[in-house]
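The values are calculated or read from the model by the stated rules, or taken from the named source; none is laboratory data. On a predicted model such as this, the values are computed, not experimentally measured, just so you know. Positions of Cβ are generated from backbone atoms using ideal geometry, with glycine treated the same way; all protein chains shown enter the neighbour counts.
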Amino acid sequence: MSFYDINLVICFLLIQTICDLRSNRTFAAINMKNMQSKGKNEKIRIVHIITALNVGGTEMMLCRLLSRMRKDRFENIVFTLKEKGKLSEDFESQNIRVYNVGGMGGILKISALIRSLKILREINPDIIQGWLVHGNLVAQIASIFLPCRLSTLWNIRYTALPKAETKNSILLIIKLLSLLSSLPQKVIFNSKIGANDHIRLGYRRDKSCIIPNGFDTELFLPSEIKRKSVRLEININEESILIGLIGRFDPLKDHSCFLKAGAMLLSRKRGIFFLLVGRKVDWKNPHLKQLIEKLGMKEKVFLLGERRDIPRIMAALDIATCTSVAEGFPNVIGEAMSC
């Protein structure tokens, strides 16, 4: 996202914000009445805006949420701002339309915003649901510039992001959203700590709504068969202790902390192995490879990369860990507890 694009977005928002601050409640009330007055055969149309549909906790949660919603009452549509991602096929297999409005050139280019508005006018949604930082911003921009006012929701799934590990453009958008937090009908958090952190940043307390993550305990459950199959795959015996970390490679996931703690543990106890799963968590990652070799752990660490069989992986672990520094309610904790 260029400096030019950021300033254009801010200018557009500030021009419209004064008017919307005065009229937002009225239009929201009108839109709620319109949804309530829909006939039994009329579906409520919801557009979800997210960066991409890569394999990750938020994306998987969105997929599970939409799969459980009543198809006779709701029509869900997904917009991706960067690329579609591997999970897009999972959505499309449920007859959920997925639009890629950004392309690979950047997340918040003005051309992508214009394209989004054009498609949204054709779709004419009742609700726009933003997911994460960029999704929330685009959702709010869309609700401001569309001719028909509609209900807008934001979804925030993290605590206050540490400045050292966060891009300046992200921090700028988070601050901008705090100034605009009176506009959406609700700001949904998946944890109390995430809500409190954002309220301290200036987000409106009266707009906050906490909905904890839900988990499929029929999918994530103990399984001796899965445990044995994973151990056979990585060639370790039944007596070995397997400690795992599941999450994409990102400074906020803090894989370095996990590996350094693992090295300390290996100096005290034998028969321990470490399994890491996630996007870019493989031996092609120079940072991970160099750190593992420096710590002398190469024979004790398995880097499996991105996987779709997470329930199977979880069932194989003796200890599941989470070293994230800014997550509100990590999915991996609930999933591990189910196993």
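State whether one or more residues within the stretch 101-111 are in the same structural domain as LEU153 (by TED's automatic domain parsing), closer than 24 Å to GLY247 by Cα and modelled with pLDDT of 90 or more.
There is no residue in the stretch 101-111 that is in the same structural domain as LEU153 (by TED's automatic domain parsing), closer than 24 Å to GLY247 by Cα and modelled with pLDDT of 90 or more.
Residues of the stretch 200-209 being of a type outside the set (Gly, Ala, Ser), exposed (fewer than 15 other Cβ atoms within 10 Å of the Cβ) and in contact (Cβ under 8 Å) with a residue 12 or more places away in the chain, which ones?
ARG200, LEU201, CYS209
With the condition kept exactly as written, say whether any residue in the stretch 67-77 is among the small types (Gly, Ala, Ser) and over 21 Å from SER181 (Cβ atoms).
Yes, the stretch 67-77 has at least one match.
Out of the residues in the stretch 77-101 that are β-branched (Val, Ile, Thr) and within 13 Å of GLY135 (Cβ to Cβ), state the one that is surrounded by the fewest Cβ atoms within 10 Å (Cβ to Cβ).
This residue is VAL101.
Can you pull out every residue in the stretch 290-317 that is of a type in the set (Lys, Arg) and within 22 Å of LYS260 (Cα to Cα)?
Answer for the stretch 290-317, where residues must be of a type in the set (Lys, Arg) and within 22 Å of LYS260 (Cα to Cα): LYS294, LYS298, LYS300.
Looking at THR152, THR166, which is the one that is modelled with pLDDT under 85 and polar (S, T, N, Q)?
When all the criteria are applied, what remains is THR166.
Given the conditions (1) touching a strand residue (DSSP E or B) at 6+ places or on another chain (Cβ under 7 Å); (2) hydroxyl-bearing (Ser, Thr, Tyr); (3) not assigned by TED's automatic domain parsing to the domain that holds LYS84, report the number of the one that THR217 does not fulfil.
All conditions are met except number (1).
For the stretch 135-166, give me each residue that is assigned to a helix (DSSP H, G or I), among the aliphatic types (A, V, I, L, M) and surrounded by 21 or more Cβ atoms within 10 Å (Cβ to Cβ).
LEU137, VAL138, ALA139, ILE141, ALA142
On the given criteria, is THR80 at pLDDT 90 or above and polar (S, T, N, Q)?
When the stated conditions are applied, THR80 passes them.
If PHE215 satisfies all but one of (1) aromatic (Phe, Trp, Tyr); (2) modelled with pLDDT under 95; (3) buried (at least 19 other Cβ atoms within 10 Å of the Cβ), what's the number of the condition it fails?
Unmet condition: (3).
Is it the case that GLY85 is under 18 Å from the mean Cα position of the chain (by Cα), assigned by TED's automatic domain parsing to the domain that holds ALA52, at positive phi and part of a loop (DSSP other than H, G, I, E, B)?
yes
Being without any contact (Cβ under 8 Å) to a residue 12 or more places away in the chain and assigned to a loop (DSSP other than H, G, I, E, B) is the filter here; which residues of the stretch 167-199 pass it?
LYS167
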